[in-house]
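The values are calculated or read from the model by the stated rules, or taken from the named source; none is laboratory data. Keep in mind that what you see is a predicted model, and the values were worked out from it rather than measured. Positions of Cβ are generated from backbone atoms using ideal geometry, with glycine treated the same way; all protein chains shown enter the neighbour counts.
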Amino acid sequence: MTRASAPEQSGHHTGKPMLSLVVPVLNEADAIREFVRSVDAAIEAAWNGASDTPDLEIIFVDDGSSDPTATVVRALRKNDARIKLISLSRNFGKEAALSAGLHAASGDAAIPMDVDLQDPPDMLRPMVEAWKNGAKVVNARRADRSADSWFKRTSSRVFYRMMNLISDQPIADDVGDFRLLDRDALEVLNDMTEHTRFNKGLFSWIGFETATVEYVRPDRNVGQTKWKPLKLLSLAFDGITSSTTLPLRVWTLIGALIAIGAIGYAGWLIFYTLVHGADVPGYASLMVAILLLGGLNLISLGLIGEYLGRVAVQVRGRPLYIIASTEGL
Ligand code: UDP
Ligand code: MG
């Protein structure tokens, strides 16, 4: 993982800033051309050839596609030096692919974008404006997510509610990976060595002056979502375990409460038996207590396992992603 060195800082980006669009792609051969076309059209429409029109670098990170995604990118590269390609050695998942692209970004600001135009290029202008006004991070918030499925919206709402209840550093609701990261913020992010990569959490955690612009999330233009419910669930677990240790502590509290109750009850039982003699019935209450405690034990053990597994991954220290080849970088 080599880090691109920071370009000459232009102070407060009054001139022509350079934007690195970082686009993870998995089996998106049908979407790539349209993405580049739309970005160019949006920039043309928004700046209309003005002298402060940003320069672009579009880094596609091929996350182990099995379709001609890389071929399409290569074909575009022939006539367009702004387009760059990082090919990962296999599918590492969107979070890792995004990290690979952010490490390689050389612009004054980097913007992670989905290739399916669900992160509308029309937002580039307002994001750049907010950046020029001093924000180091510009979040693009989905004001309307009716294009996402009911399942996706509900699960994500539940997740963010829960997450923000327990996490030390709140994560902006309804902000995906689509945001502008100034070089300063990007450097900090790129230096983070943590393995369980939950970018939305990291983006919030680093702080910096943050602005928010709003947009309506459109439907995917071609193809289908690459997320499967199980993968989303695993992302949710990554998010929780990588941002907070509160769930671990909850069990100490619950354990202490149960232990206090148990000691009290045991004292009462001993007293009762001494006074009234042994009393045989009680199968139901025994059974309930055993099942309840057994269940709680397993949950807390599983939770420790979730954290421990991630500690193990971190300790192994394998790279976050493996680059098979790069073109144009
Ligand atoms: N993606 C990726 N690796 C993966 C899954 C997705 O690089 O393992 C890319 C995908 O090609 C797209 C972006 O991540 O550019 C967002 O994926 P998608 O549109 O399927 O997710 P959704 O919008 O449904 O959350
Ligand atoms: Mg999408």
Flag for SER243 being under 24 Å from ALA135 (Cα atoms) and touching a residue at least 40 places away in the same chain (Cβ under 8 Å): yes
In region 117-147, residue farthest from ligand 2 (Cβ to nearest atom) [restricted to those that are acidic (Asp, Glu) and more than 17 Å from the chain's Cα centre (by Cα)]: GLU129
Qualifying residues in region 56-72 (those that are part of a helix (DSSP H, G or I) and away from ligand 2 (no atom under 16 Å from the Cβ)) - the one nearest to GLU44 (Cα to Cα): VAL72
Odd one out for LEU180, checked against (1) touching a strand residue (DSSP E or B) at 6+ places or on another chain (Cβ under 7 Å); (2) within 16 Å of ligand 2 (Cβ to nearest atom): (2)
Output for region 221-234, where each listed residue is within 14 Å of ligand 2 (Cβ to nearest atom) and part of a helix (DSSP H, G or I): LYS231, LEU232
Given (1) polar (S, T, N, Q); (2) within 14 Å of the chain's Cα centre (by Cα); (3) within 16 Å of ligand 2 (Cβ to nearest atom); (4) surrounded by fewer than 14 Cβ atoms within 10 Å (Cβ to Cβ), number of the condition SER156 does not satisfy: (4)
Criterion: at pLDDT 80 or above and more than 30 Å from GLY134 (Cβ to Cβ) - qualifying residue of VAL222, VAL250, VAL213, VAL280: VAL250
Top-ranked residue of region 92-105 - restricted to ones that are modelled with pLDDT under 95 and assigned to a loop (DSSP other than H, G, I, E, B), ranked as farthest from ligand 1 (Cβ to nearest atom): PHE92
Unique residue being of a type in the set (Val, Ile, Thr), assigned to a helix (DSSP H, G or I) and touching a residue at least 40 places away in the same chain (Cβ under 8 Å) when the list is VAL275, VAL313: VAL313
Qualifying residues in region 102-114 (those that are within 16 Å of ligand 2 (Cβ to nearest atom) and closer than 23 Å to ALA236 by Cβ) - the one surrounded by the fewest Cβ atoms within 10 Å (Cβ to Cβ): ASP114
THR225 being within 16 Å of ligand 1 (Cβ to nearest atom) and either among the hydroxyl-bearing types (Ser, Thr, Tyr) or within 18 Å of ASP114 (Cα to Cα) (or both): yes
LEU274 surrounded by fewer than 16 Cβ atoms within 10 Å (Cβ to Cβ), within 14 Å of ligand 1 (Cβ to nearest atom) and at pLDDT 80 or above: no
Residue check, THR241 surrounded by 14 or more Cβ atoms within 10 Å (Cβ to Cβ) and of a type outside the set (A, V, I, L, M): yes
Qualifying residue in region 57-65 (condition: within 25 Å of LEU202 (Cα to Cα), surrounded by fewer than 17 Cβ atoms within 10 Å (Cβ to Cβ), modelled with pLDDT of 95 or more and more than 11 Å from ligand 1 (Cβ to nearest atom)): no
Which listed residue is acidic (Asp, Glu), away from ligand 1 (no atom under 16 Å from the Cβ) and over 21 Å from ALA96 (Cβ atoms), from ASP184, ASP219, ASP174, ASP191: ASP184
Filter result for ILE43 (part of a helix (DSSP H, G or I) and either within 27 Å of HIS195 (Cα to Cα) or away from ligand 1 (no atom under 16 Å from the Cβ) (or both)): yes
Verdict on SER285 being closer than 30 Å to PHE237 by Cβ and small (Gly, Ala, Ser): no
